[in-house]
Amino acid sequence: MSLGTLVPIINIIATNQEPSGNLWNIFKMSLNFFNIELNLTTLLIIVSLIFVCGQILIYYRQLLQVNLRFRFVKDIKEKLFAQLIHADLAYHNDKKSGQFLDTILIETERAGSGLFVITDIFSNVCLVAVYILMLVYISVQMTIYCVVIVIAMLFFVNKLLEISRVYGIKCVESNTEINEYTSERFNLLKLIKSNSKEDRETKLFSKIADDFRIINTKFAINGSKIELLFQSIMFTVAVVIVYLSMITFHLSVGLIIVFLFVLVMLTTPLRSINNQRHELSGMMASLGKVDLILTESQQDTHINDGDVTFSGFESQISLNNVSYAYIPEKMVLNNITLKIQKNEMVAFVGPSGGGKSTLVDLLMRLIDPTTGSITIDGIDLKKFTLKSYHAKIGLVSQDIFIFNDSVLNNICYGGDVISLERARKAAQIAYADEFIESLPEGYSTSLGERGVKLSGGQKQRIALARAIYKNPDILILDEATSALDTESEKIIQNSINRIKHKYTILLIAHRLSTIQDADTIVVLENGKILESGSHEELLSINGTYARYHTMQQSKRW
């Protein structure tokens, strides 16, 4: 509109005569209706007002775009995080965590930028349509010539845009690779330093970073080619227009100037559209990556929630002919049948790969049996809601999970409320209260990333206190003392003895000294139960357990 009002002004200045045409007549009638005198000053004031209105509209357009972009990014980050956090462990085990970090932190931002670009393209298309209508109003014939030339030459631009799409996909792949490598190496920092492999890792990273540089450079250069080709197109159009307007159509100087001015203004949204289509080629690859992970994680989620609230059990847990295979036809557990009584301590022993951890994952319902069933008091485990069932399970793993948070929040994690008194009682049972009180800020002390401020034994006692804080029906100790020294192991054993027969305890251990007080010891090997009984019963039959016991005794001495 502000450009359109320049036509009468230029005509008045150039010829000192009023322009003709329907729009001008409507404009004059509108001024007469409001008793406004028509002169150059009035025209300039109206043009200024229209310009201000245009700027206000542009501001609100940009406000809408920015809100759309960041709301989209927020929503897609939340959806992606929720989908991944709910996905089965089996899905995560097949992926690299760096891939997920890259997608959540980087690709969602690029996808959000893509939405911003799409709304910008829409705005520019509207501008292009208005400018073309203005050109048509000035000269239909000249506009047709312009459009034909531009369409013919944009064919070559589209060829370059296809190349941008290919480079965009490669950019996403390269970005994922560099994030996966960085995440993995910082997780393995202690291993790298202990082997003095810093230089090797730096060289490998340099190669990956160089590949990242090359592909992003190619993508950017292709964008420059698109810009140069577009400038050549618009220059050709301008030359043709000047020639035709002077030689063929004999337009007035005012109309030629306005036509060229509109044409110049038209180049801005057209250039933006081409550049945005180039950028969008890369951003759509990011959106495709996000969509792929959302689809894969949803398809690979097989642990379905039940509808029965689990409030604890009264009698026993039963495994009925349970088998499990990570890979079809390769059973990790084979036809396991076992009864676990309430408040019984049951220990699982056997060689690595025998199926102990898989059995615990099944009991926690992190995975479901391939065949067979697990029941609690006769109710299939699958019928319970996951939230209510997991609320009654405490876990202490060999992989110690400590958050970069206070001691109190670490102990209370998984509980229904945060209670200092309750946390202190749990810590006392786990023999952790004394060392916690000696920390600079006691239970308010921040433990650092992965509990870097604590020793291995202290971390394990925090983990045990966390499990006890939940007051679980089932307490699972998965190799809880495997990485501890003798003194720390003894402390954990004393803690276990304190709570024996208060909870149903499932204990996995390689050190037989940890499990000798168990009510039942189950020997697993090659996915099958070879023996079960108390420590004394298993020694008396002189079988596999007795052989393990003899081997460990000889190593000790």
**Study point:** Matching option when the condition is among the polar types (S, T, N, Q) and over 30 Å from Phe235 (Cα atoms), among Thr119, Thr103
**Key:** Thr103
Revision key, fill the gap. Counted residues in region 401-414 being crowded, with 19+ Cβ neighbours inside 10 Å and either in contact with a Ser or Thr (Cβ under 9 Å, 6 or more places away or on another chain) or in contact (Cβ under 8 Å) with a residue 60 or more places away in the chain (or both) come to 4
Check your understanding: Given the conditions (1) more than 30 Å from Leu292 (Cβ to Cβ); (2) small (Gly, Ala, Ser); (3) modelled with pLDDT of 75 or more, which single one is not true for Ser245?
Key -> (3)
Check your understanding: Quick one: is Gly442 at positive phi, modelled with pLDDT of 85 or more, small (Gly, Ala, Ser) and surrounded by fewer than 16 Cβ atoms within 10 Å (Cβ to Cβ)?
Key -> yes
Check your understanding: In region 528-557, what count of residues is obtained for those that are among the basic types (Lys, Arg) and at pLDDT 85 or above?
Key -> 2
Point to revise | Filter pass, Thr108 being modelled with pLDDT of 80 or more and of a type outside the set (Phe, Trp, Tyr) | key: yes
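From the list Gln428, Gln398, which residue is free of Cβ contacts under 8 Å to residues at least 12 places away in the same chain and polar (S, T, N, Q)?
Numbers: Gln398 fails: free of Cβ contacts under 8 Å to residues at least 12 places away in the same chain.
Of Gln428, Gln398, the one residue that is free of Cβ contacts under 8 Å to residues at least 12 places away in the same chain and polar (S, T, N, Q) is Gln428.
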Review point. List the pairs whose first member sits in region 257-283 and is farther than 18 Å from Phe116 by Cβ and in a helix (DSSP H, G or I), whose second member is at pLDDT below 75 and among the hydroxyl-bearing types (Ser, Thr, Tyr), and whose Cβ atoms are under 9 Å apart, counting only residues at least 6 apart or on separate chains?
Key: Phe259/Ser245; Leu260/Ser245
Check your understanding: Any chance region 464-482 includes a residue that's under 23 Å from Leu408 (Cβ atoms), over 32 Å from the mean Cα position of the chain (by Cα), small (Gly, Ala, Ser) and surrounded by 20 or more Cβ atoms within 10 Å (Cβ to Cβ)?
Key -> no
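To keep it simple, each residue is scored yes or no on (1) closer than 30 Å to Asn124 by Cα; (2) modelled with pLDDT of 80 or more.
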residue	(1), (2)
Gln17	no, no
Asn22	yes, no
Leu31	no, no
Leu40	no, no
Leu43	yes, no
Val52	yes, yes
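Going by the structure shown, is Ile476 modelled with pLDDT of 85 or more and closer than 30 Å to His549 by Cβ? Give the derivation first.
Numbers: modelled with pLDDT of 85 or more: yes; closer than 30 Å to His549 by Cβ: yes.
In short, yes.
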Review point. Of the residues that sit in region 138-158 and are over 44 Å from the mean Cα position of the chain (by Cα) and without any contact (Cβ under 8 Å) to a residue 12 or more places away in the chain, which one is farthest from Ser224 (Cα to Cα)?
Key: Val140
Review point. What are the pairs, 6+ residues apart or on separate chains, where a residue within region 345-367 that is under 16 Å from Asn321 (Cβ atoms) has its Cβ under 7 Å from a residue that is assigned to a loop (DSSP other than H, G, I, E, B)?
Key: Gly355/Val332; Gly355/Gly527; Thr358/Val332; Leu362/Pro369
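Do the conditions hold for Leu160, that is, is it out of contact with any helix residue (DSSP H, G or I) (no Cβ under 9 Å at 6 or more places or on another chain) and on the phi < 0 side of the Ramachandran plot? It would help to see each step written out before you state the result.
Working: out of contact with any helix residue (DSSP H, G or I) (no Cβ under 9 Å at 6 or more places or on another chain): no; on the phi < 0 side of the Ramachandran plot: yes.
So Leu160 does not fit the description; no.
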Practice item. Could you pull out the residue among Val452, Val360, Val417 that is buried (at least 18 other Cβ atoms within 10 Å of the Cβ) and β-branched (Val, Ile, Thr)? Key: Val360
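Of all residues in region 300-337 being touching an Asp or Glu at 6+ places or on another chain (Cβ under 8 Å) and not in a strand (DSSP E or B), which is surrounded by the most Cβ atoms within 10 Å (Cβ to Cβ)? Give the derivation first.
From region 300-337, those touching an Asp or Glu at 6+ places or on another chain (Cβ under 8 Å) are 300-303, 312-316; that's our starting set.
Checking the rest, the ones that are also not in a strand (DSSP E or B) come to 300-303, 312-315.
Details: Asp300: 14, Thr301: 15, His302: 11, Ile303: 15, Gly312: 14, Phe313: 18, Glu314: 8, Ser315: 11.
Checked region 300-337; the qualifying residue surrounded by the most Cβ atoms within 10 Å (Cβ to Cβ) is Phe313.
Matching residues to (1) modelled with pLDDT of 80 or more; (2) in contact with a helix residue (DSSP H, G or I) (Cβ under 8 Å, 6 or more places away or on another chain); (3) surrounded by fewer than 12 Cβ atoms within 10 Å (Cβ to Cβ):
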| residue | (1), (2), (3) |
| --- | --- |
| Ser2 | no, yes, no |
| Ile12 | no, yes, no |
| Glu37 | no, yes, yes |
| Asn67 | yes, no, yes |
| Phe70 | yes, yes, no |
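Among the residues of region 507-527, which ones are of a type in the set (Asp, Glu) and either modelled with pLDDT under 75 or closer than 15 Å to Asn497 by Cα (or both)?
The initial filter retains those residues of region 507-527 that are of a type in the set (Asp, Glu), namely 517, 519, 525.
Those that are of a type in the set (Asp, Glu) and either modelled with pLDDT under 75 or closer than 15 Å to Asn497 by Cα (or both): Asp517, Asp519.
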Exercise for review: Within region 373-417, track down each residue that is outside any loop (DSSP other than H, G, I, E, B) and over 24 Å from Asn343 (Cα atoms).
Suggested key: Ser406, Val407, Leu408, Asn409, Asn410
Check your understanding: Which is modelled with pLDDT of 70 or more, under 23 Å from Ser286 (Cα atoms) and of a type outside the set (A, V, I, L, M, F, W, C), of Lys225, Lys203, Lys197?
Key -> Lys225
Revision key, fill the gap. Considering residues that are part of a strand (DSSP E or B), in contact with a helix residue (DSSP H, G or I) (Cβ under 8 Å, 6 or more places away or on another chain) and over 16 Å from Tyr548 (Cβ atoms), the number found within region 491-534 is 2
**Study point:** Pairs with Cβ under 8 Å, 6+ apart, first in region 207-224 and closer than 24 Å to Val157 by Cβ, second assigned to a helix (DSSP H, G or I) and of a type in the set (A, V, I, L, M, F, W, C)
**Key:** Ile215/Cys171; Asn216/Cys171; Phe219/Cys171; Asn222/Leu160; Asn222/Ile163
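The values are calculated or read from the model by the stated rules, or taken from the named source; none is laboratory data. Everything quoted here is computed from the prediction, not taken from an experiment. As a convention, Cβ positions derive from the backbone with ideal geometry for all residues, glycine included, and neighbour counts pool all protein chains shown.
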